[in-house]
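The next block holds one structure in the form of structure tokens; read it before the comments.
The values are calculated or read from the model by the stated rules, or taken from the named source; none is laboratory data. Note that this is a predicted model, so its numbers are computed, not measured. Glycine gets a Cβ as well: all are built from the backbone with ideal geometry, and neighbour counts include every protein chain shown. Each accessible area value is taken on the protein alone, full model and side chains, heavy atoms only, with ligands, DNA and RNA left out. Shrake-Rupley method; radii C 1.70, N 1.55, O 1.52, S 1.80 Å.
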Amino acid sequence: MFDLDKWKEIWATLRSNRLRTFLTAFGVFWGILMLMAMLGFGSAIQSGSKRQMKGMATNLLFCWGQQTTEAFDGLPPGRRVQFNTDDIELLRRLPSIEWLAPRLQLGGWMNNFTVGYESKNGTFTVMADYPELRHIISFEYEAGRFINERDIKESRKVVVIGRGVYDQLFEPGENPIGKYVKISGVYFEVVGLTRTLRSGGQGERDANTLFVPFTTLKTAFNMGNRVGFFALTAKPGTDAEELERQVKETLKRHHRIAPWDDLAIGSFNMFVMFGKFQTFFLVLQIVSWVVGGATLLAGVIGVSNIMLITVKERTKEIGVRKALGATPFSIVSMVMKESIVLTTIAGLLGVAAGVGLLAAAEAVFSAMPESPLGPPEIGLSTVMIAMGILVAAGALAGIMPATHAASIKPIEALRAE
Amino acid sequence: MLRLTKVNKYYQVGTHSLHVLRDVDFEVADGEFVAIMGASGSGKSTLLNILGILDDYDSGEYRLGDTVIKNLSESKGAAYRNKFIGFVFQSFNLLPFKTALENVALPLYYQGVTRRKRNQIAGQYLERVGLRDWADHTPSEMSGGQKQRVAIARALIGKPRLILADEPTGALDSETSKQIMDLLSEINRSGITVLVVTHDPEVAARTQRTIRLRDGKVVGAHEASASNPGMAAAT
């Protein structure tokens, strides 16, 4: 039953102590705002990290050769480990590999090459790749395509260029497809222009990379049967850590490396990394809820405290009401309602402020794709949960003062002068 | 109307108990106008609380109408107070943040009467105590006499069969006191039983009968106010 009088009563009580009502409400307001800010911050870190990892398979494994540190099989330590094309066949036999992409960088890791087009020059990374790479690192194509099987089979002199390469060598608006760029004196026909999905340093690197067929680089630049490193993904549902172990074991056996020599082959396991991230995010989220919740709880205790004082001050009023026929239930419901109304209104304002804050953060971080913080994603469900907590908290805050109020004996109340 | 039979009441003060009412025994008939007198500490407030179902008693029997009032639950007590009894207090006990009209209407609120209806009825009762024009004023804007009239209107609105007035003129000057007593007499003439607790002989003289309390005991009930010693002192 909606009764205007009830609301008027509640309003009148809350209004008769403006400062106190304000301070109490502020406690709840601040609590919910903090809760949302904490959750938003956690979400921003999460979305920022996700943005950095976008475009990469999460079950990704990189493997590269380093130097042996143990003598083994008659070979001395300190031997450089160089993968070769025979390794490709060996690794392809491992059942839990989904995609295998042997890669080789022209000039070696982190070395750049001069690439020219007409009168312009630039230094870029040149990678020799198999078509499988596109399942491991995803690109979008502004024009053309990626390296395909025919390119590999026929060792064609074709190249896929990154956006950064295009910007530096070509005139704006010029169609690069079918044009020839010169890599270290050899001409390659451009067949594709990529746009990376990754951001930050990795995105930068992708943009300034040229991809040529693996087999072409071998013949054109006399790289023999060398393989720089392997990028591979685990089949869904398989254990990526176990795969990493198998891959290393296979390579160690082939290159006569001591099985216990952990430094001979370097690796990066995205899956393990991702798992660590997930745990970190989970912990972050728990911390957010705990800290935010504690702030909110402090606000709620404040409300309870104030309601208790209010009830004590209103002993006489409650006594009068009882003398006039108020049942204990009606007194309890009156005090509880005041408490719930106060916490709910203050909390809703907090939620509104929180939503505003997060919207502002979203606008800021969306405009800064390189920032480690991404746009916070606070779902409606989180807001609903927060609201639910608020109403429950209001009721909780009201219980003690309300039962106290209900226990007031009219005679004692009326005697109080 | 009401009958008390050997009612006893103790208060626990520290480790020993205080015997506040001793075998209180009296009867009030329908439509009577009765004063309860006694010095402070004689137990008259306690008696009033018991009569008003604001307090319980330890032994004996209190019968209000056909009902034995004993060990009632809080909600039952509230319902009886709401239906049968109207209270008038020395300090008025109006709710300060409510207007006169809202104060008068309050008992009907607890009866579940709709807002419009109870405000309309409250208006009629304010009219009856001559404060129709003061309906929208809060108690702080009114004189003591006006406040007590509002309180009386509030006591009447639930159509009680019994009005319990605790020192209704205690905070008022003699002229206003007289007006309030006139009002109570008028209410009594309309058929409502009125019980006034007072230590003021002048007030007691306006009633039909006085019940005297001393040390928690009734010390002789006088049938007519003419034989009331207070009357002689007042005139």
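Relative protection proxy for A:181-192, A:301-312, from highest mean packing down: A:301-312, A:181-192 (other beta-carbon atoms within 10 angstrom). Can you list the HN-Hα couplings for the stretch B:158-163, worked out from phi with the Karplus curve (6.51, -1.76, 1.60; θ = phi - 60°), rounded to whole Hz and with x for Gly and Pro? Computed from phi, the couplings for the stretch B:158-163 are x, 6, x, 8, 9, 10 Hz. In summary, the lysines within cross-link reach of A:Lys218, defined as a Cα separation below 19 angstrom excluding same-chain residues under 8 places away, comprise A:Lys153, A:Lys157, A:Lys182.
Per atom type, chain B shows carbon and sulfur on 47% of its accessible surface, probed at 1.4 Å.
Average accessible surface for the protein assembly as shown: 46 Å² per residue, computed with a 1.4 Å probe over protein heavy atoms with every protein chain in place. Surface composition of the stretch A:71-126: carbon plus sulfur atoms contribute 51% of the solvent-accessible area (1.4 Å probe, protein chains only, all chains present). Shape class of the stretch B:78-171 from the Cα gyration tensor (axes a ≥ b ≥ c, square roots of the eigenvalues): oblate, since a/c reaches 1.5 or more and a/b does not exceed b/c. Taking a ≥ b ≥ c as the square roots of the eigenvalues of the Cα gyration tensor, an a/c ratio of 1.5 or more together with a/b no larger than b/c marks the stretch A:204-248 as oblate.
Qualifying trypsin sites (Lys or Arg not before Pro) in the stretch B:1-95, where qualification requires a DSSP coil assignment and no more than 14 other C-beta atoms within 10 Å, comprise B:Lys70. Computed over Cα pairs, the Kirkwood radius of chain A leads via Stokes-Einstein (1.002 mPa s, 20 °C) to a diffusion coefficient of 80 µm² per second. Here the relative contact order of the stretch A:257-383, from alpha carbon pairs under 8 Å that lie six or more residues apart, stands at 14 percent.
Distance from the C-alpha centroid of the stretch A:226-260 to that of the stretch B:84-163: 90 Å, rounded to the whole angstrom. For A:Thr403, B:Thr176, A:Thr238, the ranking by accessible surface with the largest value first comes to A:Thr403, A:Thr238, B:Thr176, using a 1.4 Å probe. Between the C-alpha center of the stretch A:16-68 and that of the stretch B:178-199 there is a gap of 71 Å. Measuring nothing but protein heavy atoms, the accessible surface of the stretch A:335-397 at 1.4 Å probe radius is 82 percent carbon and sulfur. Against chain A, whose longest principal axis comes from its Cα atoms, helix A:18-53 is set at around 10 degrees. Evaluated on chain B, the Kirkwood hydrodynamic radius is 18.2 Å, with distances taken between all distinct Cα atoms.
Rounded, prolate or oblate for the stretch A:166-321? Axes are the square roots of the Cα gyration tensor eigenvalues, ordered a ≥ b ≥ c, and the cut-off for rounded is a/c under 1.5.
Taking the square roots of the gyration eigenvalues as a ≥ b ≥ c, the stretch A:166-321 is oblate.
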